[in-house]
Amino acid sequence: MSKPLWIKHATQLATLATKQEGPRSKEAMSELGLIEDGSLWIENGIIQAVGTTKDIEKQYEKRLTEAEVYDAKGLLVTPGLVDPHTHVVYGGSREREFEMRLEGATYMEIMNEGGGIHATARMTREATEEELIEQTSKRLDSFLQHGVTTVEGKSGYGMDLETELKQLRVMKKLQKEHAIDLVSTFMGAHAVPFEYKGKEDEFVTYLIDEMLPLVAREKLAEFNDVFCEKGVYTPAQSERILEAGKTYGLIPKIHADEIEPYGGAELAAKVGAISAEHLLKVSEEGMIKMAEGNVIACLLPATALYLREEAAKGRKMIDAGVPVAISTDCNPGSSPTTSMPLVMNLACISMRLTPAEALTAATYNAACAINRQQVIGSLEVGKLADIVVWKVSDYRELQYLFGVNHVKAVWKKGVQVVNQE
């Protein structure tokens, strides 16, 4: 058995502890469970005790000399960050499109000319499974360096059976081999394949009849996502796909109302989606429906910045009672970043979240968006010891000192995986 781990004397220990089972909204998003001079006692990768350093010294008085000690004096300690929306498995790169956008081309114009998702689909189809594992591993390493200990990953860069399964199998292998936890989402409906243009309903039927059964049989995904957007999939087509996924036990997610109001948020509430993503153009009615249905708004401020779009109305959604999570949306075309600290900065600057709300959105609520709040997202007894120590003494500095990676150390399931002295 490994030694116990004792992290002590944290100037601030942000536990994010809560008695609430589901995602937090409104004022609850500001409750960080702060402990001054905080300590954690960890054994076998599980948190055994949380409290002040004096509390832990008293509780483990006869065992203190057994522990490996990490002194966090002058530092902030938080749960590991959770990224609940990425497209982390892909082949190739799209830096030319970045230049095209700067020259005035729009997202949809680039995609309709064979770029965008279609370009990455071609490169992902051509990549071997081994090549995808190597490329994705490097991105996951970078996530860890930025304090992220759990990542959701979507397929969708194939839109054919072989490549969709290849992406999901890569994620399944990396979940076993990489230190980070990788949660898989099937997104065969990421775009309409060229060969099905004008025959979108036929592709929806193919996805439902051919793809979903195989994904379910191999247990390759927990969630089922669709890009509900004008020119991609209609709300009716999206509903067919999401309802079909539910029959195989796949939990619905939805890319909604990114480019124009299209009823995606309303559909998320109707089908009981765990989250709706993007939401730059969500309607007032959509916000109301999401709040009523406790659907998590997974907001992606780095994507809006990269596309030079106005960010989603995060402040308005929180005030309306919608639980909010945030994510990098790591992908090759519209958000090629692995920096959740930057995303927290942007959530404050462009969406008017408070520093406390941004931290909640990147930890506890993000864990809720991938159905992992029972084991991660907060520092509580019985949960996994996914922990970040930051080179700041106050949680507000994470958002104030923007564009900087403040990570000093990271533990995943009680094992130190990052040490940036």
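The values are calculated or read from the model by the stated rules, or taken from the named source; none is laboratory data. Note that the structure is predicted; figures quoted are calculated from it, not measured. Please note: Cβ atoms are built from the backbone with ideal geometry, for glycine as well, and neighbour counts cover all protein chains shown.
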**Q.** Selection from the range 246-263 of residues that are in contact with a Phe, Trp or Tyr (Cβ under 9 Å, 6 or more places away or on another chain), modelled with pLDDT of 95 or more and within 17 Å of Gly231 (Cα to Cα)
**A.** Ile254, His255, Ala256, Glu258
**Q.** Unique match (being touching a residue at least 12 places away in the same chain (Cβ under 8 Å), over 29 Å from Ala361 (Cβ atoms) and either assigned to a strand (DSSP E or B) or of a type in the set (A, V, I, L, M) (or both)) among Met108, Met100
**A.** Met100
Q | Given (1) surrounded by fewer than 17 Cβ atoms within 10 Å (Cβ to Cβ); (2) part of a helix (DSSP H, G or I), index of the condition Ile208 fails | A | (1)
Q. Is it true that some residue in the range 352-370 is surrounded by fewer than 24 Cβ atoms within 10 Å (Cβ to Cβ) and closer than 30 Å to Thr106 by Cα?
A. yes
Q | Verdict on Phe194 being crowded, with 23+ Cβ neighbours inside 10 Å, aromatic (Phe, Trp, Tyr) and in contact (Cβ under 8 Å) with a residue 60 or more places away in the chain | A | no
Q. In the range 371-382, what residues are over 17 Å from Ala297 (Cα atoms) and surrounded by fewer than 21 Cβ atoms within 10 Å (Cβ to Cβ)?
A. Gln374, Val375, Glu380, Val381, Gly382
Q: Look through Asp225, Asp201 and report the one residue that is charged (D, E, K, R) and either part of a loop (DSSP other than H, G, I, E, B) or surrounded by fewer than 16 Cβ atoms within 10 Å (Cβ to Cβ) (or both).
A: Asp201
Q: Would you mention how many residues in the range 16-39 are within 19 Å of Pro323 (Cα to Cα) and β-branched (Val, Ile, Thr)?
A: 1
Q | Positions within the range 402-421 being within 22 Å of the chain's Cα centre (by Cα), assigned to a loop (DSSP other than H, G, I, E, B) and either polar (S, T, N, Q) or at pLDDT below 95 (or both), in sequence order | A | Phe402, Gly403, Val404, Asn405
Q. So which residues in the range 195-226 are more than 18 Å from Lys246 (Cβ to Cβ) and among the hydrophobic types (A, V, I, L, M, F, W, C)?
A. Phe203
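Tell me yes or no: at least one residue of the range 303-315 is assigned to a helix (DSSP H, G or I), over 18 Å from the mean Cα position of the chain (by Cα) and farther than 22 Å from Gly80 by Cα.
Taking every residue of the range 303-315 in turn, at least one turns out to be assigned to a helix (DSSP H, G or I), over 18 Å from the mean Cα position of the chain (by Cα) and farther than 22 Å from Gly80 by Cα.
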